Amino acid sequence: MSKLTQSSVWLALKKHYVDIEHVHMRDMFDADSSRYSKFSLQLGNILYDYSKNRINDETVKLLLQLAQAENVPDWTAKMFDGELINHTECRAVLHVALRDRGDKPIMVNGVDILPEIKLERQRVYQLAEKIRSRQWRGATNQAITDVVNIGIGGSHLGPMMATEALRPYTLHDLNVHFVSNIDENHINDTLEFLNPETTFFIIASKTFTTQDTMVNAETARQWYINKVGDDALINRHFAAVTSNIPLAMKFGISADNIFKMWDWVGGRYSLWSAIGLPVVIAIGADMFEELLNGAYEADQHFRTTPLQENIPVMMAVLGIWYNNFFQSQTMAILPYDQHLHRFPSYLQQADMESNGKYVDREGHRVDYTTGPVVFGEIGIAGQHAFFQLLHQGTKLVPADILAPVYSLRCVARHHRALMSNVFAQTEALMRGKTAIEARHELTAEGYHYDQIEQLLPYKIFPGNRPTSTLLFDTLDPKTLGSIIALYEHKIFVQGIIWNINSFDQWGVELGKQLAKNILSELNDSDNIDSHDSSTNGLINHYKHRRPGGAKKLHEA
Ligand code: F6P
């Protein structure tokens with residue numbers, strides 16, 4: 001048994017769960033008119049309402065005791081102080097340094113990293129500004145009209161999500177595209193309508209070895225050379241963001257166009273570094289600074305606010321309450337803002353790559369469940385797709401709802417209708433509909449007694465389905481920065497309580513290793529028998545069915 005599940009507060013929570021399991025939130029709201037004010041918090045213009053959760057004062061007290069007992073404040077200090085908390089890779093975890101606005105040095109291996117961060121950021125801003133102002137010229141002396149970011153995972157999802165989220169702040173005559181998939185359709189579909197003389201590529205890869213990115217980068221370079229025909233001027237059209245500078249140079253990009261990443265920034269936490277270059281090109285340096293300001297504000301809130309008023313801590317312990325006591329396996333992210341349409345995918349990596357782990361910090365298998373399956377979709381789209389399961393399914397799916405009070409391009413008719421859905425869904429999920437209410441409705445609609453009895457079971461909504469709502473004024477860069485940072489810290493707190501390292505990702509290695517071996521087996525049309533019968537069968541089927549399958553194939 002782990003220390004965690006044997007701890008007195010964990011056992012108290014288990015006992016408390018039995019008390020609360022069958023209590024309906026409806027009744028809790030009826031019994032306590034102060035529930036909303038008691039269970040909501042604010043950071044700047046961001047309101048976090050967690051009152052529609054299956055909690056009472058005792059639950060919150062115990063959950064916060066758990067956070068305290070697992071030393072969340074100490075670990076937070078360790079992270080901000082640059083201790084090597086990513087112990088399996090022997091690295092500090094300092095994405096917070098990338099948005100630090102203070103002047104106190106942040107030391108890694110005896111060196112203050114802030115001057116280098118600022119220097120690199122200025123280089124990013126300079127390149128972005130030249131491209132945005134049309135000063136930057138391609139090989140044929142034309143201004144850049146299209147920027148293509150080639151990267152995957154953390155080198156893709158963060159900048160893509162933020163660029164989409166901040167669309168109203170982007171320049172209209174400059175398009176920013178994102179290519180991640182090694183499937184050639186992705187890059188071909190993207191390049192099909194672009195002019196190589198006015199296209200600029202960013203090869204974003206912390207390691208500069210990720211197969212998907214390197215294959216796409218090579219295709220981009222070939223496309224450029226085939227059309228423009230001048231390898232010598234490649235630097236007019238290519239930049240790299242990486243911590244592997246020698247490999248970027250080997251690719252042909254000169255030092256001037258290489259932007260540095262550091263080993264103390266995890267890929268999925270790297271939006272704030274030069275990985276944000278496409279975002280800076282899209283929205284400009286001033287707005288990117290606002291994004292950093294927002295994140296910094298959330299960092300300060302997280303670092304200095306007592307646990308009971310600390311938004312990321314509350315988000316984290318609620319997740320633990322459902323995950324470990326209600327045994328819910330999932331977590332839904334439901335933004336009611338079209339511009340946040342890639343936010344669920346972004347959070348999926350941030351959360352699942354961080355906390356999808358079964359081995360604790362001491363190398364032991366955990367005896368409790370860790371990170372949830374995170375999924376999500378624009379709320380309105382979800383309502384017409386999978387909300388049926390949220391309302392009447394057999395699984396408990398805690399959901400976060402994110403919505404803006406107003407949209408920048410506000411059309412009142414649209415926005416009011418949108419928001420009516422936000423409020424209606426959280427209410428419906430919480431209250432449900434009782435048999436009495438359903439019977440009344442059917443009677444009012446003119447159904448006969450027999451029909452009512454037949455239909456009734458289907459018309460009942462059990463309710464008691466938890467949601468937390470993040471309501472913010474509007475999706476400006478600062479607010480987006482804060483929201484992202486709140487989630488980063490939520491993930492951190494959960495990792496601490498589960499006693500896992502949220503900052504490595506060994507689980508992605510095995511598939512990569514096997515793919516490397518299998519790739520060499522795909523070079524010819526010979527049947528293979530080196531795997532299990534399913535893998536052999538699939539590979540051999542593929543080899544025989546692919547165009548030219550019967551012939552010996554040479555690597556393209
Ligand atoms: O394979 C997973 C992963 O290593 C992620 O952690 C990372 O964000 C992504 O691949 C891309 O890695 P890189 O930036 O090194 O290309």
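The values are calculated or read from the model by the stated rules, or taken from the named source; none is laboratory data. Nothing here was measured: the structure is a model prediction, and the numbers come from that model. Every residue, glycine as well, gets a Cβ built from its backbone with ideal geometry; the counts of neighbours run over all protein chains shown. Surface accessibility is based on the protein's heavy atoms, side chains included, excluding ligands, DNA and RNA. Shrake-Rupley method; radii C 1.70, N 1.55, O 1.52, S 1.80 Å.
Descriptive notes on the structure:
- Of the criteria (1) aliphatic (A, V, I, L, M); (2) in a helix (DSSP H, G or I); (3) under 15 Å from R465 (Cβ atoms), which one I380 fails: (3)
- Once the stretch 257-305 is narrowed to residues that are out of contact with any helix residue (DSSP H, G or I) (no Cβ under 7 Å at 6 or more places or on another chain) and more than 14 Å from the ligand (Cβ to nearest atom), the residue that is farthest from P73 (Cα to Cα) is D286.
- Some residue of the stretch 177-185 being away from the ligand (no atom under 16 Å from the Cβ) and within 30 Å of Y406 (Cα to Cα): yes
- The stretch 74-111, subset among the small types (G, A, S) and farther than 19 Å from G294 by Cα, residue nearest to the chain's Cα centre (by Cα): A92
- Residues that are in contact with a helix residue (DSSP H, G or I) (Cβ under 8 Å, 6 or more places away or on another chain) and assigned to a loop (DSSP other than H, G, I, E, B) were ranked within the stretch 346-365; the one that is least open to solvent (accessible area, probe 1.4 Å) is K357.
- Residue in the stretch 127-139 that is in contact with a helix residue (DSSP H, G or I) (Cβ under 6 Å, 6 or more places away or on another chain) and more than 22 Å from F288 (Cα to Cα) present: yes
- Listed by first and then second residue, the pairs linking a residue in the stretch 1-27 that is touching a residue at least 40 places away in the same chain (Cβ under 8 Å) to a residue that is open to solvent by 50 Å² or more (accessible area, probe 1.4 Å) and part of a helix (DSSP H, G or I), with Cβ atoms under 7 Å apart and 6 or more places separating them unless they lie on different chains, are S7/A69; V9/Q65; V9/A69; H16/E58; R26/R431.
- The set of residues in the stretch 328-345 that are open to solvent by 40 Å² or more (accessible area, probe 1.4 Å) and either part of a strand (DSSP E or B) or not basic (K, R) (or both) comprises Q329, Q338, H339, H341.
- Residue that is farthest from N185 (Cα to Cα) [pool: residues in the stretch 213-233 that are in contact (Cβ under 8 Å) with a residue 40 or more places away in the chain and of a type in the set (A, V, I, L, M)]: L233
- Helices (runs of 4 or more DSSP H) within the stretch 1-88 that include 2 or more residues among the hydrophobic types (A, V, I, L, M, F, W, C) and modelled with pLDDT of 95 or more: 8-20, 25-31, 57-69, 72-80
- Selection of the stretch 234-256 for residues being away from the ligand (no atom under 12 Å from the Cβ), open to solvent by less than 60 Å² (accessible area, probe 1.4 Å) and under 23 Å from T190 (Cβ atoms) yields I234, N235, H237, F238, A239, F251, G252, I253.
- Note on the stretch 196-219: residues that are charged (D, E, K, R), near the ligand (Cβ under 9 Å from one of its atoms) and either surrounded by fewer than 20 Cβ atoms within 10 Å (Cβ to Cβ) or closer than 22 Å to I518 by Cβ (or both) total 1.
- Restricting the stretch 143-159 to residues that are more than 11 Å from the chain's Cα centre (by Cα) and surrounded by fewer than 22 Cβ atoms within 10 Å (Cβ to Cβ) leaves a set whose member that is farthest from the ligand (Cβ to nearest atom) is A143.
- When every residue of the stretch 162-182 is checked against the conditions, none turns out to be among the acidic types (D, E), part of a helix (DSSP H, G or I), at pLDDT 95 or above and more than 25 Å from the chain's Cα centre (by Cα).
- Test: residue in the stretch 115-136 that is open to solvent by 10 Å² or more (accessible area, probe 1.4 Å), assigned to a loop (DSSP other than H, G, I, E, B), within 16 Å of the ligand (Cβ to nearest atom) and hydrophobic (A, V, I, L, M, F, W, C): no
- Taken as a whole, the condition of being more than 30 Å from G382 (Cα to Cα), within 16 Å of the chain's Cα centre (by Cα) and open to solvent by 10 Å² or more (accessible area, probe 1.4 Å) applies to G266.
- Taken over the stretch 119-168, residues that are over 14 Å from A240 (Cα atoms) and in contact with a Gly (Cβ under 8 Å, 6 or more places away or on another chain) amount to 8.
- For the stretch 494-510, the condition of being surrounded by 13 or more Cβ atoms within 10 Å (Cβ to Cβ), of a type in the set (D, E), away from the ligand (no atom under 16 Å from the Cβ) and in contact (Cβ under 8 Å) with a residue 12 or more places away in the chain holds for none of the residues.
- Residue within the stretch 175-194 that is aliphatic (A, V, I, L, M), buried (at least 18 other Cβ atoms within 10 Å of the Cβ) and closer than 19 Å to H95 by Cβ present: no
- Taking the stretch 328-356 as the range and being away from the ligand (no atom under 16 Å from the Cβ) and without any contact (Cβ under 8 Å) to a residue 60 or more places away in the chain as the test, the residues that pass are Q338, P344.
- Checking K227 against (1) of a type in the set (D, E, K, R); (2) in contact with a helix residue (DSSP H, G or I) (Cβ under 6 Å, 6 or more places away or on another chain); (3) buried (at least 20 other Cβ atoms within 10 Å of the Cβ), the condition it does not meet: (3)
- Number of residues in the stretch 366-376 that are assigned to a loop (DSSP other than H, G, I, E, B) and either at positive phi or among the aliphatic types (A, V, I, L, M) (or both) equals 1.
- Test: residue in the stretch 473-483 that is more than 30 Å from M160 (Cβ to Cβ), among the small types (G, A, S) and either more than 16 Å from the ligand (Cβ to nearest atom) or over 22 Å from the mean Cα position of the chain (by Cα) (or both): no
- The requirement of being open to solvent by 50 Å² or more (accessible area, probe 1.4 Å), in contact (Cβ under 8 Å) with a residue 24 or more places away in the chain and in contact with a Leu (Cβ under 7 Å, 6 or more places away or on another chain) is satisfied by V405.
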